[in-house]
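Okay, so here's the structure we're looking at.
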Amino acid sequence: MWSNALNAFASLGLSDAVTAIGTPIEHTEFRSWSGELLSTLPIGDLSRKAGAPSLVVHREVLLELLAAAVGHENIFFSTACTAIDERGGDVVVTSSDGARISTRLLIGADGVDSTVRALVLHDGESRPTAHRAWGGSAPLQVEAPPLGVSCVTHGRGARIWFAPCRNGEVAWIAMASEKRVASSDPGESRAARVGRLFADAHAPIPAVIASTPEPRMFETRIRYRSPSDLWGRGPITLVGDAAHACTPDLAQAACQAIEDAATLARVFASSDSVEGALRLYETRREARTRRVTNLSRIALAQGAEDDPLLCWLRDRATNLLTHTLVQRQIWDLLSHRA
């Protein structure tokens with residue numbers, strides 16, 4: 001959770017609660033595949049300047065906090081949206097269990113392959129990026145950076161981020177090109193696959209992956225959508241990846257969804273019209289999310305470089321880029337107030 005998300009949570013009255021479950025990041029180290037320290041980014045200083053910490057937060061813990069804030073009794077599972085109809089200014093949603101719900105507005109927050117988007121905009125499926133991601137959390141039983149330090153390591157067509165958490169675990173997310181994954185045995189488990197791909201990375205990366213229980217590990221193919229200025233119609237709109245899917249490279253997808261929520265709350269507080277509020281929300285968010293989406297794609301391309309010479313040049317230029325271009329881009333992300 002970058003500072004921009006914490007500032008958005010503040011406008012919703014949740015920043016203190018989220019901060020309490022997170023581990024603040026003070027520094028991010030950039031290392032080569034062999035472990036050479038290439039550069040350090042002062043995330044803590046930038047975050048304080050932006051007005052809120054940047055945190056490592058377990059998704060499941062965050063979701064439980066948000067569910068409690070909404071009220072568990074208001075959340076329903078095990079049913080899917082199958083049809084959407086607009087009638088007299090309202091929206092009628094039909095679910096897979098046959099229920100029909102009439103509401104004044106509908107917000108699709110259902111991810112990169114959003115059903116709401118498909119039913120309303122009919123603009124096709126998300127597109128693959130030829131990259132795959134894994135992530136998880138391992139018991140802190142290996143040598144790892146101290147609390148407050150996260151590490152980003154780039155290799156040939158692969159990269160990984162990891163950081164220790166206050167709960168005694170190391171959180172991590174790894175990405176690799178499908179070209180590298182293609183050599184794997186089709187029957188290989190996801191734990192074996194990601195372990196093999198990162199087996200020759202510097203310590204403690206192999207140990208972190210090996211000590212992650214497979215049930216606490218995910219694997220997904222990275223997909224995206226090109227930015228669009230059309231997110232809805234009438235009393236219907238989209239938020240998060242359903243509206244503006246980001247690749248994982250900047251860790252901004254959830255942060256942008258939270259910014260969306262804060263903006264929606266603000267426009268509804270000052271508008272008497274549902275449709276007027278939704279169109280104003282879309283107008284306010286389109287340029288920002290387009291920029292973040294494009295930056296994420298650029299970061300994906302840079303991190304996925306496979307040519308040995310270009311990878312060597314990238315490593316040699318990391319310190320200069322970190323203290324110029326990267327720091328400016330990170331500041332633009334962190335300092336935004338939704």
Peptide ranges 48-55, 188-195 listed from the most packed, as the mean C-beta count within 10 angstrom indicates: 48-55, 188-195
Average Cα contact separation per residue, the range 7-57, under 8 Å, 6 or more apart, as relative contact order %: 37 percent
The range 126-201, relative contact order [Cα under 8 Å, separation at least 6], %: 31 percent
Under the Karplus curve 6.51 cos²θ - 1.76 cosθ + 1.60, θ = phi - 60°, whole-Hz ³J(HN,Hα) for the range 294-301, x wherever Gly or Pro sits: 5, 4, 5, 5, 5, 4, 4, 5
Karplus-derived HN-Hα couplings along the range 187-193 (A = 6.51, B = -1.76, C = 1.60, θ = phi - 60°), whole Hz, x at Gly and Pro: x, 5, 6, 5, 5, 5, 5
Nonlocal amide H pairs with residue 245, under 5 Å, H built at 1.01 Å: 225
Helix 59-70 vs. the chain, principal-axis angle (Cα, 0 to 90°, nearest 10): 20 degrees
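Can you give the % of DSSP beta bridges in the range 101-247 that are antiparallel, to the nearest 5?
Taking every DSSP beta bridge with both residues in the range 101-247, the antiparallel ones total about 90 percent.
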Karplus 3J(HN,Hα) series, Hz, for the range 232-238 with 6.51 cos²θ - 1.76 cosθ + 1.60 (x for Gly, Pro): x, 7, x, x, 10, 8, 10
Accessible area, probe 1.4 Å, largest first, for residues 293, 220: 220, 293
Accessible surface of residue 85 - all protein chains present, 1.4 Å probe, nearest 10 Å²: 60 Å²
Solvent-accessible heavy-atom area per residue, rounded to whole Å², over the chain at 1.4 Å: 47 Å²
Fraction of antiparallel bridges per DSSP, the chain only, in percent to nearest 5: 85 percent
Accessible area of the range 60-129 belonging to carbon and sulfur atoms, whole % at 1.4 Å probe: 56 percent
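Evaluate the relative contact order of the chain (contact order divided by residue number), counting alpha-carbon pairs under 8 angstrom at least 6 apart; express in whole percent. List each step's numbers first, then the result.
Values: 592 pairs, mean separation 76.8, N = 338.
Here the relative contact order equals 23 percent.
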Solvent-accessible area of residue 178 with every protein chain in place, 1.4 Å probe, in Å² to the nearest 10: 40 Å²
Long-range HN-HN contacts of residue 14 with modeled amide H, under 5 Å: none
Relative packing of peptides 124-136, 146-158, 86-98 - highest average C-beta neighbours within 10 Å first: 146-158, 124-136, 86-98
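The values are calculated or read from the model by the stated rules, or taken from the named source; none is laboratory data. Predicted, not measured: the structure shown is a model, and the values here were computed from it. Virtual Cβ from ideal backbone geometry, glycine too; neighbours counted across all protein chains shown. All accessible areas refer to the heavy atoms of the entire protein, side chains included, with ligands and DNA or RNA removed. Shrake-Rupley method; radii C 1.70, N 1.55, O 1.52, S 1.80 Å.
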